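Computed from the coordinates by the stated procedures, all read-outs in this text should not be read as laboratory data. Since the structure is predicted, the reported quantities are computational estimates derived from the model, not experimental observations. Virtual Cβ from ideal backbone geometry, glycine too; neighbours counted across all protein chains shown.
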Amino acid sequence: MKKNYELGSLVLRVVLGVSFLIHGLIKFNDGIANTAGWFDSIGIPGFMAYVVALIEVVGGIAMILGIGTRIVAALFAVVMLGAIFTVKLSVGFAGNGQMAGYELDLAFLAMSVYLLLNGSDKLSLQAVLKPNQQS
């Protein structure tokens, strides 16, 4: 049973890490200044676009590798709560036809909270570097 739990945590960790990494890279590839301008237009200071994109890219890599899983999961949860409450909540769970809803954000939030509470040691670099410390 514990083996299934560890495997499930690994799957969540890698999928969440890849998903955040890709979202962060998109922000940089599409022009982070454009994202910063959009943040400003919705009332969030533009510099926060850089913060969010860095959390997504660096955190995504760390999550995939299994380094600081709980800390990164906490940061991801904060990013998702921000996205849900500042942008997505008003368009509804499934969106409004022009913009996606918060269903994916909620799934990422749930995955982040799970990893924050439980960690994920299977195939994690942190488990190799510090065997007595849970990632």
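If you filter the stretch 44-66 down to residues that are in contact (Cβ under 8 Å) with a residue 40 or more places away in the chain and closer than 17 Å to residue 80 by Cα, you find that the one that is surrounded by the most Cβ atoms within 10 Å (Cβ to Cβ) is 63.
For the stretch 17-47, a tally of residues being of a type outside the set (S, T, N, Q) and either more than 18 Å from the chain's Cα centre (by Cα) or farther than 29 Å from residue 124 by Cβ (or both) returns 15. Applying the condition of being in contact (Cβ under 8 Å) with a residue 24 or more places away in the chain and either in contact with a Phe, Trp or Tyr (Cβ under 9 Å, 6 or more places away or on another chain) or among the β-branched types (Val, Ile, Thr) (or both) to the stretch 1-16 and asking which residue is surrounded by the most Cβ atoms within 10 Å (Cβ to Cβ) yields 16. Each residue in the stretch 3-51 was checked for being of a type outside the set (Val, Ile, Thr) and within 16 Å of residue 114 (Cβ to Cβ), and 13 pass. Scanning the stretch 81-94 for residues that are surrounded by fewer than 16 Cβ atoms within 10 Å (Cβ to Cβ) and of a type in the set (A, V, I, L, M) yields 81, 89, 91, 94. Might you check whether a residue that is crowded, with 16+ Cβ neighbours inside 10 Å, part of a helix (DSSP H, G or I) and touching a residue at least 40 places away in the same chain (Cβ under 8 Å) occurs anywhere in the stretch 95-108? Within the stretch 95-108, one or more residues are crowded, with 16+ Cβ neighbours inside 10 Å, part of a helix (DSSP H, G or I) and touching a residue at least 40 places away in the same chain (Cβ under 8 Å).
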